[in-house]
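Undergrad: Here it is, the structure in full.
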């Protein structure tokens, strides 16, 4: 998995305060499920810092329509299981090249590489801070999370 490298510092964005925020927890869940489904170049943007559209964007690349569908459906299932929330809207399921899950405060984008490059959401929302992506430690016995 690859992660964005120009990450904002946690001091600038009060990351400690975010950890208890349900929207942030949902975004982290989407990140973890995208990673579990072998998504690449996973990015977590704090859109709420620059817009009222949502609090967070999670963007992940899949390399086939099946993988894009797997990323989005896994995120949808995990968020419903952990937080009891369903998306307000789902777009792109039929085509499968860009599936968007809209929770209001979180928007998850699972995209094929061509669509991601063409629409370049990171450049469009370039003024939004990129946040650290926190993944569970590889060793299940180790309770400490690894930060990538």
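The values are calculated or read from the model by the stated rules, or taken from the named source; none is laboratory data. Computed from a predicted structure; not experimentally measured. Don't worry about glycine lacking a Cβ; one is built from the backbone with ideal geometry, like all the others, and counts go over all protein chains shown.
Undergrad: Is there a residue being outside any helix (DSSP H, G or I) and at pLDDT 95 or above anywhere in segment 30-38?
TA: Yes, segment 30-38 contains a residue that is outside any helix (DSSP H, G or I) and at pLDDT 95 or above.
Undergrad: Residues that are within 12 Å of the chain's Cα centre (by Cα) and either free of Cβ contacts under 8 Å to residues at least 40 places away in the same chain or surrounded by 15 or more Cβ atoms within 10 Å (Cβ to Cβ) (or both): which strands (runs of 3 or more DSSP E) entirely in segment 55-123 hold 2 or more of them?
TA: Qualifying strands (runs of 3 or more DSSP E): 56-62, 98-102, 106-112.
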